[in-house]
Amino acid sequence: MQVTPQCVVALTWTLKDTLGEVLDELAEPVDFLVGGDDLLPKIEEALQGHAAGDRIDLHLEPEEAFGDFDDQLVFLEDRQLFPQELEEGMTFEQLPPGAKADAPKGTLYTVTDIYPDHVVLDGNHPLAGIAIRLALKVEGVREATEEEIGRGTAGTGFFKIG
């Protein structure tokens, strides 16, 4: 079976930045819904017509991947607004009550720095602003179930955080 819209594709990959540093490696196949919300449009486009065993090498610019870095999504907030047990890398679905920032709703914010008096939160995707190289291998292709199509996902999003 070839990859078409509304099918499930099992992929493995190695994701690198343009300097060749490995950012992620998926050694065991993971299912993604093609035509849903699981994959970036450029990846879906490249997969069309491929079958199990095929390999695809892609280069994605930031605008084709996770977007450009937006400094308007970086906020400095009072440390007292956060739990005592705060660590870099923790995520929040919104800024805490009392935050002075006019932050967009529905954005996941990552704690990037913790100082005695303030916390730096970043609403950008961790790979925003980075061009990526993706070596994909199609491990399997199957028809999507009605449930998967209805949900718009096979259960795994491509580098979604949260």
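The values are calculated or read from the model by the stated rules, or taken from the named source; none is laboratory data. Everything numeric in this text was worked out from a predicted model, so none of it was measured. Note that each Cβ is placed from the backbone with ideal geometry, even for glycine, and that neighbours are counted across all protein chains shown.
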What number goes with the only condition from (1) modelled with pLDDT under 90; (2) surrounded by 11 or more Cβ atoms within 10 Å (Cβ to Cβ) that PHE82 does not pass?
(1)
Only one of (1) buried (at least 16 other Cβ atoms within 10 Å of the Cβ); (2) over 17 Å from VAL141 (Cβ atoms); (3) modelled with pLDDT of 95 or more is not met by LEU47, so which one is it?
(2)
Within segment 67-76, does at least one residue satisfy the condition of being out of contact with any strand residue (DSSP E or B) (no Cβ under 6 Å at 6 or more places or on another chain) and either closer than 27 Å to GLN6 by Cα or modelled with pLDDT under 90 (or both)?
yes
Could you check segment 119-151 and list, in sequence order, the residues that are part of a strand (DSSP E or B) and within 30 Å of GLU88 (Cβ to Cβ)?
VAL119, VAL120, LEU121, ASP122, ILE132, ARG133, LEU134, ALA135
For segment 69-88, what are the residues that are free of Cβ contacts under 8 Å to residues at least 12 places away in the same chain and assigned to a loop (DSSP other than H, G, I, E, B)?
PRO83, GLN84, GLU85
Quick check on GLY98: is it over 30 Å from ASP31 (Cα atoms), surrounded by fewer than 16 Cβ atoms within 10 Å (Cβ to Cβ) and of a type outside the set (Ser, Thr, Tyr)?
yes
Going by the structure shown, is ASP38 surrounded by 16 or more Cβ atoms within 10 Å (Cβ to Cβ) and charged (D, E, K, R)?
yes
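A quick yes/no check of all residues on (1) over 18 Å from the mean Cα position of the chain (by Cα); (2) farther than 30 Å from THR4 by Cα; (3) hydroxyl-bearing (Ser, Thr, Tyr):
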residue: ASP78; (1), (2), (3): yes, yes, no
residue: ALA128; (1), (2), (3): no, no, no
residue: GLY140; (1), (2), (3): yes, no, no
residue: GLY155; (1), (2), (3): no, no, no
Inter-residue pairs, beta-carbon under 9 Å, first farther than 20 Å from ARG142 by Cα and in segment 11-35, second part of a strand (DSSP E or B) and of a type in the set (Asp, Glu), 6+ apart:
THR14/ASP24; THR14/GLU25; LEU15/ASP24; LEU15/GLU25; LYS16/ASP24; LEU23/ASP17
Would you say PRO116 is over 30 Å from GLU147 (Cβ atoms) and surrounded by fewer than 11 Cβ atoms within 10 Å (Cβ to Cβ)?
yes
